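Single-structure report; data block below.
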Amino acid sequence: MQNKNKTLVKSMDVLQLFLQHSRLSLNEMAELSGRPKTSVHRMVGSLEEMGFLQKDESGRYRLGLVFLQYGQLVADRLDIRQIALPVMQTLRDQVDEAVNLIVKDGDQAIYIEKLDTLHPVRLYTKIGRRSPLYAGACSRIILAYLDEAERERYLRKTELIPIATGTITDKQQLRQILSNARTDGYTISYSELEENTAAVAAPIFDHKGRLCAGLSIAGPDVRFGAERLPALISLLQQAARQISAELGWNGQNIGQKGRDYDEKSIGYGI
């Protein structure tokens, strides 16, 4: 049994390489995994036989179509995704900007659903994208509503590495922005993960009042000026509350009043 477990772990190490690479040769898999080519060859043969990997005409490998089936099963069984999608569609139509649904996965946020705008100039993200919890409104709203002890543990152990020009790298400033987010029920960012982008995000709660996801509107920063932000924030919060209510949330734990929009008080992205 132990040998089987080791083989499974090694096979997963090979599959993990395809999170960053679309196609790989045997030599590339051996080099990236640090495993002998003969060992990788055996594992790849088994993975190909089971449909997890597929070889193209050039002899390079990619993930097999079986992952589409598993991926769809996972997506279909995420109740929050099914509940949120109709609300997200309405919100997207109201604001004509990209709308994203984000959940926590370890020390990162991961996009589990997204709807694009029809604008010719748009922000391209994809389901499965990850970002650190400290950077960008989409991720930061999750960090803001974590349990205080968990939030502080994260802040103490995490180095705030700049990703774009607007990334918050000062922990005291970040703590203040997180506090503002809990008071207001939303957070805003500019050029934190990508240059010339903006996002506003609000929390989603489950039936026990626990944070379970974040909802965001994102796009080019030129469309997120001060004159438009109040309307975007209002529609976003309404949508987040609607999703939360459909998950059984009773209306607690979220900033309901909020403050007037103030550039100086808001962290500057998605």
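Structure data summary
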| item | result |
| --- | --- |
| Separation in nanometres of the label points that stand 7 Å from Cα toward Cβ, at residue 16 and residue 70 | 1.4 |
| For region 19-58, convex hull of alpha carbons as volume per residue, Å³ | 73 |
| Fraction of accessible area attributable to carbon and sulfur, region 73-229 (%, probe 1.4 Å) | 50 |
| Space enclosed by the convex hull of the alpha-carbon atoms of region 160-253, per residue, Å³ | 99 |
| Given charges at beta-carbon only (K, R positive; D, E negative), |dipole| of the chain in Debye | 820 |
| Loop-located GluC sites (Glu not before Pro) in region 168-197, at most 14 other Cβ atoms within 10 Å (DSSP) | 195 |
| Rg and Dmax [Cα atoms of the chain; Å; Rg one decimal, Dmax integer] | 20.8, 63 |
| Residue-level accessible surface for residue 224, protein heavy atoms, 1.4 Å, Å² | 0 |
| Loop-located trypsin sites (Lys or Arg not before Pro) in region 1-52, at most 16 other Cβ atoms within 10 Å (DSSP) | 23 |
| Net charge over other residues, Cβ less than 13 angstrom from the Cβ of residue 17 (K, R count +1; D, E count -1) | +2 |
| Modelled FRET efficiency - R0 45 Å, residue 58 with residue 227, Cβ distances, 0.05 increments | 0.30 |
| For the chain, accessible area per residue (1.4 Å probe, heavy atoms of protein chains only), Å² | 53 |
| Ordering of 147-160, 98-111 by burial proxy (mean other Cβ atoms within 10 Å per residue, highest first) | 98-111, 147-160 |
| Burial ranking of peptide ranges 164-173, 49-58 (average Cβ count within 10 Å, highest at the top) | 164-173, 49-58 |
| Environment charge at residue 33 (Cβ cut-off 15 Å; Lys +1, Arg +1, Asp -1, Glu -1) | +2 |
| Value at 222 nm in deg cm²/dmol, rounded to 500, when DSSP H runs of n ≥ 4 in the chain each add -39,500 (n - 2.57) | -13500 deg cm²/dmol |
| Restraint check, 10/208; 157/208; 10/104; 6/171, Cα-Cα greater than 32 Å | 10/208; 6/171 |
| Using a Förster distance of 45 Å, the FRET efficiency for residue 176-residue 93 (Cβ separation, nearest 0.05) | 0.85 |
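The values are calculated or read from the model by the stated rules, or taken from the named source; none is laboratory data. Since the model is a prediction, treat every value here as computed from it, not as a measurement. Cβ atoms come from the backbone with ideal geometry, glycine included; neighbour counts cover every protein chain shown. These area figures cover heavy atoms from the full protein model, side chains too; ligands, DNA and RNA do not enter into them. Shrake-Rupley method; radii C 1.70, N 1.55, O 1.52, S 1.80 Å.
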